[in-house]
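Shown next, in structure tokens, is the structure this report addresses.
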Amino acid sequence: QVQVVESGGGLVQAGGSLRLSCAASGRAFSSYSMGWFRQAPGKEREFIAAISWPGASTIYQDSVKGRFTISVDNAKNTVYLQVNSLKSEDTAVYYCAFRIWARLSYSVGQYDYWGQGTQVTISS
């Protein structure tokens with residue numbers, strides 16, 4: 001069993017930045033991947049970015065490339081999402097997810113454990 005906890009959300013002005021954190025605890029895996037997703041009101045949960053360990057390979061949704069950066073600190077079992085140049089359409093609940101395979105995936109259904117989410121609200 002793996003527990004996933006997100007933090008770092010909040011209210012930010014358009015153009016601002018945030019760093020979201022995701023801490024995983026519980027059973028240890030020598031290789032894994034973790035992803036960030038978001039869900040806006042009335043919309044489906046969508047993929048943002050994912051990172052694998054070991055190797056720290058990454059994949060991103062095209063719409064966030066250049067603005068969002070995912071990184072991992074394996075010693076802390078923590079994944080980060082740096083979000084810059086925020087726009088009103090970035091307003092959503094941001095979720096972190098853990099996959100027991102290191103193969104990167106864009107699919108919600110491929111992740112095994114999920115956090116409760118952290119709200120990010122962008123004010124114009």
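The values are calculated or read from the model by the stated rules, or taken from the named source; none is laboratory data. From a predicted model like this one, the values you see are computed outputs, not experimental measurements. Here Cβ is always computed from backbone atoms with ideal geometry, including for glycine, and neighbour counts include all displayed protein chains. Side chains are part of the model used for accessible areas, which takes the heavy atoms of the whole protein and leaves out ligands, DNA and RNA. Shrake-Rupley method; radii C 1.70, N 1.55, O 1.52, S 1.80 Å.
Laid out as a table, the results:
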read-out: Residue match in segment 112-124 (condition: under 21 Å from Ser63 (Cβ atoms), in contact with a helix residue (DSSP H, G or I) (Cβ under 8 Å, 6 or more places away or on another chain) and in a loop (DSSP other than H, G, I, E, B)); value: yes
read-out: Flag if Tyr95 is free of Cβ contacts under 8 Å to residues at least 60 places away in the same chain and either out of contact with any Asp or Glu (no Cβ under 6 Å at 6 or more places or on another chain) or hydrophobic (A, V, I, L, M, F, W, C) (or both); value: no
read-out: Matching option when the condition is farther than 16 Å from Arg99 by Cβ, modelled with pLDDT under 95 and out of contact with any Cys (no Cβ under 9 Å at 6 or more places or on another chain), among Lys65, Lys43; value: Lys65
read-out: Index of the failed condition, Ser124 passing every other in (1) more than 11 Å from the chain's Cα centre (by Cα); (2) open to solvent by less than 70 Å² (accessible area, probe 1.4 Å); (3) more than 18 Å from Arg27 (Cβ to Cβ); value: (2)
read-out: Any strands (runs of 3 or more DSSP E) falling wholly within segment 5-109 and containing at least 1 residues that are farther than 23 Å from Gln119 by Cβ, touching a Lys or Arg at 6+ places or on another chain (Cβ under 6 Å) and open to solvent by less than 60 Å² (accessible area, probe 1.4 Å); value: 32-39
read-out: Among (1) within 10 Å of the chain's Cα centre (by Cα); (2) in contact (Cβ under 8 Å) with a residue 40 or more places away in the chain, the one test that Ala102 misses; value: (1)
read-out: Members of segment 54-75 found to be over 13 Å from the mean Cα position of the chain (by Cα) and over 11 Å from Ser21 (Cα atoms), listed by number; value: Pro54, Gly55, Ala56, Ser57, Asp62, Ser63, Lys65, Gly66, Arg67, Asn74, Ala75
read-out: Residues located in segment 18-53, provided they are of a type in the set (D, E, K, R) and under 11 Å from the mean Cα position of the chain (by Cα); value: Arg19, Arg38, Glu46
